[in-house]
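Below is one structure, written out as structure tokens; comments come after it.
Just so you know, all these numbers are worked out from the coordinates, no wet-lab data involved. Here the structure is a predicted model, which is why all the values come from computation and not from measurement. Here the Cβ positions follow ideal geometry from the backbone for every residue, glycine too, while neighbour counts run over all protein chains shown.
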Amino acid sequence: MSIDEYQPQPRTVVIPDVMPQWYAIQTRSRFEKVVDAGLQAKGFESYLPLSREVHLWKDRKKTVESPLFPGYVFARFAGVATERIRVAQTHGIARILGDGDTITPIDQKEIEAVQRLVASLDHMPHPHLCEGVRVRVRRGPLCDLEGFLVRVKNSTRLVISINLIAQSVATEIDIDDVTVLPA
């Protein structure tokens, strides 16, 4: 084949997945609200689940909103380099969670489950569970949510976990409102 006969072959260009996904962002100590506000100011969708706590002092008591997962904020963005850099440059961010040079997205269902639980019921932080009975809620405001069932004293709790950050949230639930999922 001579140079005159050479026909360049069309190249296949791989476009990275630009669909926005949820990512866990580790913050500096007590910077969760600052990071949340900074991300929103840059136009990113962010989520900082809060829980109400009553703090008691000698002379008063006050209800304050504290991060449900201390040290973490969730943000939804495309995982491309330009977006990662914009997110990482937000004041108060320590890092975007992942493995080495890659960031790891969080399953959309995990974020939705936490959002629904926080919006609908009284909730509390809970130690992360790796083992337990996996259940699905059959009725009520948490219908179709999946989580782990645990017993604490005389109550039953539904525990929902964000595996990437090894954090969980729990709420009390009636045992009759759940069904056990197959292993």
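Rounded to the nearest Å, what's the spacing between the alpha carbon centres of the stretch 113-183 and the stretch 83-100? Just the number, please.
So the two Cα centres are separated by 29 Å.
Below 8 Å, C-alpha to C-alpha, sequence gap of six or more: please give me the relative contact order for the stretch 107-183 in percent.
Answer for the stretch 107-183 is 34 percent.
Taking loop as defined by DSSP and a crowding limit of 15 other beta carbons within 10 Å, which trypsin sites (Lys or Arg not before Pro) in the stretch 23-61 fit?
Counting only loop positions with at most 15 other Cβ atoms within 10 Å, the trypsin sites (Lys or Arg not before Pro) in the stretch 23-61 are ARG28, ARG30, LYS42, LYS58, ARG60.
Show me the chymotrypsin sites (Phe, Trp or Tyr not before Pro) within the stretch 22-115 that DSSP assigns to loop and that have at most 13 other Cβ atoms within 10 Å of their Cβ.
In loop regions of the stretch 22-115 (DSSP not H, G, I, E or B), the sparsely surrounded chymotrypsin sites (Phe, Trp or Tyr not before Pro) are TRP57.
Run the reach check for LYS33 against lysines, Cα to Cα strictly under 16 Å, same-chain hits fewer than 8 apart removed. What comes back?
In chain and number order, the partners are LYS42.
Could you work out the mean projected area of the convex hull around the alpha carbons of the chain, in square nanometres to one decimal?
Result: 17.6 nm².
Rank these for me by crowding, GLU83, GLU32, GLU53, going from fewest to most other beta carbons within 10 Å.
With the fewest neighbours first, GLU83, GLU32, GLU53 line up as GLU53, GLU83, GLU32.
Mind running the shape call on the stretch 107-183? Use the C-alpha gyration tensor, a ≥ b ≥ c as the square roots of the eigenvalues: rounded below 1.5 for a/c, prolate if a/b tops b/c, oblate otherwise.
Here the stretch 107-183 falls in the rounded category.
Using the Karplus curve 6.51 cos²θ - 1.76 cosθ + 1.60 with θ = phi - 60°, work out ³J(HN,Hα) for each residue of the stretch 54-68 in order, rounded to whole Hz, and write x for Gly and Pro.
Working through the residues one at a time gives 9, 9, 10, 10, 4, 9, 6, 10, 9, 8, 10, 9, 10, x, 5 Hz.
Hey, got a sec? Which trypsin sites (Lys or Arg not before Pro) in the stretch 129-183 land in a DSSP loop and have at most 11 other Cβ atoms within 10 Å?
Sites meeting the loop and neighbour criteria: ARG139, LYS153.
Mean separation of Cα pairs under 8 Å and 6+ residues apart, divided by the residue count of the chain: what relative contact order is that in percent?
It comes to 21 percent, rounded to a whole number.
I'd like the orientation of helix 108-120 relative to the chain: the angle between its Cα long axis and the longest Cα principal axis, in ° from 0 to 90, rounded to 10.
With rounding to tens, the tilt is 30 degrees.
Quick one: net charge around VAL135, please, counting Lys, Arg +1 and Asp, Glu -1 for every other residue with C-beta under 10 Å from its C-beta.
+1
From the phi of every residue in the stretch 167-173, what ³J(HN,Hα) in whole Hz does the Karplus formula 6.51 cos²θ - 1.76 cosθ + 1.60 yield, where θ is phi - 60° and glycine or proline is x?
Along the stretch 167-173, the couplings run 10, 9, 9, 9, 9, 6, 8 Hz.
Add -39500 (n - 2.57) for each DSSP H run of 4 or more in the chain, then divide by its residues: what number comes out at 222 nm, to the nearest 500 deg cm²/dmol?
Computed mean residue ellipticity for the chain: -5000 deg cm²/dmol.
Looking at the square roots a ≥ b ≥ c of the eigenvalues of the Cα gyration tensor of the stretch 15-106, which shape do they give, rounded for a/c under 1.5, prolate if a/b is larger than b/c, or oblate?
prolate
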